[in-house]
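Enquirer: Quick one: the structure is below, and I'll ask about it shortly.
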Amino acid sequence: MKKRPHVALLIEASRGHGRQIIEGAARYAAEHGSWSLRLEPRNIDDRPPRWLATWQGDGIIVRCDTPEMARAVLKTGIPIIDVRGGVPEAGLPLVGVDNAPVVEAAFEHFRQRGFRHFAWCEFFRKPRVWIDQRRQRFQQLVAEVGSTCSLFRDKRTIPRDATWSQHDMQELIDWLNQLPRPVAILACDDEQAHLVLDAALTLGLRVPEDAAVMGIDNDEVFCRVSSPPLSSVDVNALAVGYKAAEVLDRRMKGRRVPTRTMMPPRGVVTRQSTDIVAVDDPEAASALRFIREHACQPVTAEDVAAHLAVSRSTLDRCLHAAVGHSATAAILQARLASVKSDLAETDLSLQAIASRAGFASVQHLANLFRERVGMTPGRYRRDMRH
């Protein structure tokens, strides 16, 4: 009788991101021979469990965030897959979130809504690789469109057992108060974005009119309890868990595996905290709303100009001044966003998706998608679905 693999999931169940990774790993295990999974309540910064030193298992999937945890899992001598990447010097094979397209999705969301001022917010006591990657990519994207990015980085030493509510929020409030308005604020994760919203409301800022706030991870708890509900990038943590289990399975069978496997996000989940067209020019705002509502119909830039009762050249000058691109570019952005959503969320054929998004042919969509997204629609669907 074939032996069932015994796999430990050293992943925090205290937050949505960790729970989704666990769910993805469990789904793979159920589909490939009913693994025996060892799981216990954990937080991300908990110490390695005592039982690990004597555990006779076959594999480990770990959210490794400390050198102590890295040493503990390596000491077992069994196959390991990391789904955090917090200790890169440990050399653990990594299956993780591809942070560049995560930030690109957030930035595109802000740009489609007309924002010209941007800010980044994080509160952490020590450097973290994934936060550095997200911040640096966001700053790069902002610089590429000729804007500046204001940063809030809390470097104070905070006791491990302290909560944010026990500490003075005045620095954050003062920072928010000096930002230009309207401003698009991206926080490094949903927990931090929730705190930004709290500070904004304390200051009396209108959200999203004065400040649009977005998080990363799409943690349903933080997103739903925030006031207003928080927009967030769904990083596809379930697919990370599924892929990690798949790579671990190969490693437990003695096969070679990549040192890094990075998964793309599913995209932005829009809620009230960013649901606005943020441009001062009423004609540009009206054009962007019309494009968002009608882009997937057989609409052209001339139709948008006719809706506003202006010339095509006037429309493009107006949009270039407000958001930095033409009506045609705005229509294309909206159509590609629809295609991405359909590829990730439906089983529709590419022909049907092309038709729904207003593309004249499948070939046109496929060529454009490969050019703008960097992969074929089929590859994108596979990466999203797993």
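Enquirer: Trp51 versus Glu89, label points 7 Å from Cα toward the beta carbon: distance in nm?
Expert: For Trp51 paired with Glu89, the spin-label model returns 3.2 nm.
Enquirer: I would also like to ask the following. Per-residue counts of other Cβ atoms within 10 Å, averaged by peptide: what ranking do you get for 64-73, 255-264, highest first?
Expert: The densest-packed peptide leads the list: 64-73, 255-264.
Enquirer: Do the sum for the chain: with -39,500 (n - 2.57) for every DSSP H run of n ≥ 4, divided by all residues, what is the mean residue ellipticity at 222 nm, to the nearest 500 deg cm²/dmol?
Expert: For the chain, the value works out to -14500 deg cm²/dmol.
Enquirer: Using label points projected 7 Å from each Cα along Cα→Cβ, tell me how many nm separate Val225 and Val310, to one decimal.
Expert: 4.5
Enquirer: Could you give log10 I(q)/I(0) at q = 0.09 Å⁻¹ for the chain, computed by the Debye formula over C-alpha point scatterers of equal weight, without solvent?
Expert: Values returned for q = 0.09 Å⁻¹ are -0.59.
Enquirer: Relative to the present Cα-Cα distance, how much length would full extension add between Lys75 and His325 at 0.36 nm per residue of separation?
Expert: Difference between extended and current length: 84.5 nm.
Enquirer: By its C-alpha gyration tensor, with a ≥ b ≥ c as the square roots of the eigenvalues, how is segment 282-385 shaped: rounded for a/c under 1.5, else prolate for a/b larger than b/c, else oblate?
Expert: prolate
Enquirer: Classify segment 216-328 from the C-alpha gyration tensor, please: rounded if a/c falls under 1.5, else prolate or oblate depending on whether a/b exceeds b/c.
Expert: Prolate, because a/c is 1.5 or more and a/b exceeds b/c.
Enquirer: With just the Cα atoms defining each centre, how far is segment 208-244 from segment 99-132? Give it in Å.
Expert: That distance is 12 Å.
Enquirer: So what is log10(I(q)/I(0)) for segment 29-77 at q = 0.13, 0.24, 0.25 1/Å, when the Debye sum runs over its Cα atoms only?
Expert: After summing over all Cα pairs, the log10 values are -0.34, -1.01, -1.07.
Enquirer: So how tilted is helix 190-203 from the main axis of the chain? Cα-based, degrees 0 to 90, rounded to 10.
Expert: 50
Enquirer: So what is the orientation-averaged projected area of segment 1-158, using the convex hull of its C-alpha atoms, in nm²?
Expert: So the mean shadow area of the Cα hull is 11.8 nm².
Enquirer: Can you tell me the length gained on complete extension of the stretch Gln363 to Thr270, counting 0.36 nm per residue apart and subtracting the Cα distance?
Expert: That works out to 30.5 nm of additional length.
Enquirer: Suppose we keep just the DSSP beta bridges with both residues in the chain; what percent of those would be antiparallel, to 5?
Expert: Beta bridges within the chain, antiparallel portion: roughly 10 percent.
Enquirer: Could I ask something else about it? Using Cα atoms only, what is the angle between the long axis of helix 312-323 and the major principal axis of the chain, expressed in degrees (0 to 90) to the nearest 10?
Expert: With rounding to tens, the tilt is 40 degrees.
Enquirer: Working out 0.36 nm times the residue gap between Arg206 and Glu371, then minus their Cα-Cα distance, what length gain in nm do you get to one decimal?
Expert: Value of the extension gain: 55.6 nm.
Enquirer: What is the helix-to-structure angle for 282-294, meaning the angle in degrees between its Cα long axis and the longest Cα principal axis of the chain, kept from 0 to 90 and rounded to the nearest 10?
Expert: Once rounded, the angle reads 60 degrees.
Enquirer: Ranked highest first by the average count of other Cβ atoms within 10 Å around their residues, in what order do 212-222, 311-321, 194-204 fall?
Expert: Ranking the peptides 212-222, 311-321, 194-204 by packing returns 212-222, 194-204, 311-321.
Enquirer: Right, here's the next one. Could you give the nm distance between label points at Arg4 and Arg27, where each point is 7 Å from its Cα heading toward the beta carbon?
Expert: The modelled label-to-label distance comes out at 2.1 nm.
Enquirer: Just report the Cα centroid separation between segment 1-77 and segment 353-382, whole Å.
Expert: The two parts, judged by their Cα centres, are 38 Å apart.
Enquirer: Right, next: Sort segment 92-148 into rounded, prolate or oblate with this rule: let a ≥ b ≥ c be the square roots of the eigenvalues of the Cα gyration tensor; rounded if a/c is under 1.5, and if a/c is not under 1.5, prolate when a/b is larger than b/c, oblate otherwise.
Expert: The shape class here is prolate.
Readers should treat all values here as calculations from the given coordinates under stated rules, not as data from a laboratory. No experiment lies behind these values; they were computed from the predicted model shown. Every residue, glycine as well, gets a Cβ built from its backbone with ideal geometry; the counts of neighbours run over all protein chains shown.
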